[in-house]
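The values are calculated or read from the model by the stated rules, or taken from the named source; none is laboratory data. Computed from a predicted structure; not experimentally measured. Here the Cβ positions follow ideal geometry from the backbone for every residue, glycine too, while neighbour counts run over all protein chains shown.
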Amino acid sequence: MVDKEKIASTEIFKELSQEQLEKIADLCEGICFDDGDRIITDGKTTDFFFILEEGSVDLRFEVPYRETSKKMTVLTIKPGECFGWSALVPPHQATLSGYSVGKSRAIKIPRAKLLNLFERNNSIGYLIMNKLAMMIASRLANQRELYIKDLGDSLQFKW
């Protein structure tokens, strides 16, 4: 169990009551990662949803037959942000890989236990899944902007 105050300030859990936060906190466990540790793997089943407490995590795409590098980073997760959302959405397969940058510490929540809580308490599930959808939409919008900028640069400089 993790102290509920550690998760209360995370955007995805901000609208939960103290009682609801207690139920989530009961499912949580702290975990530490070393520099370069792969936390989630693109295309593989994701069993945990994470909240980053310290450090940073690069979310990267994988290219077959090439080692990943910082250049393949799509998004860097900072403390207070979450990652591993694929654990909560069927088919539960990661859409990017997550790599620890330096030492990092996170809170992990098992998918099966969290989804079970959602089934037993629909109001918690609704609030979290609504916030999750907003987070995913925001990340997609940011990626769209980056893509359009890169495309514009390519056209401008005829790359």
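For the range 77-98, a residue qualifies if it is touching a Gly at 6+ places or on another chain (Cβ under 9 Å), part of a loop (DSSP other than H, G, I, E, B) and either closer than 19 Å to residue 130 by Cβ or at pLDDT below 95 (or both), and the qualifying residues are 84, 95. Looking across 84, 80, one residue alone is more than 21 Å from residue 42 (Cα to Cα) and not hydroxyl-bearing (Ser, Thr, Tyr). It is 80. Does residue 16 satisfy the condition of being among the aliphatic types (A, V, I, L, M) and assigned to a loop (DSSP other than H, G, I, E, B)? The answer is yes for residue 16.
State the number of residues belonging to the range 71-124 that are at positive phi and under 16 Å from the mean Cα position of the chain (by Cα). Counting residues in the range 71-124 that are at positive phi and under 16 Å from the mean Cα position of the chain (by Cα) gives 3. Checked against the criterion of being modelled with pLDDT under 95, assigned to a strand (DSSP E or B) and more than 26 Å from residue 2 (Cβ to Cβ), the candidates 63, 74 yield just one match: 74. The set of residues in the range 56-86 being among the small types (Gly, Ala, Ser) and either over 21 Å from residue 108 (Cβ atoms) or buried (at least 19 other Cβ atoms within 10 Å of the Cβ) (or both) consists of 69, 84, 86. In summary, residue 7 fulfils each of the numbered conditions (1) surrounded by 14 or more Cβ atoms within 10 Å (Cβ to Cβ); (2) within 13 Å of the chain's Cα centre (by Cα) with the single exception of condition (2). Filtering 109, 40 for residues that are out of contact with any Pro (no Cβ under 7 Å at 6 or more places or on another chain), under 26 Å from residue 145 (Cα atoms), buried (at least 18 other Cβ atoms within 10 Å of the Cβ) and in contact (Cβ under 8 Å) with a residue 12 or more places away in the chain leaves a single hit, 40.
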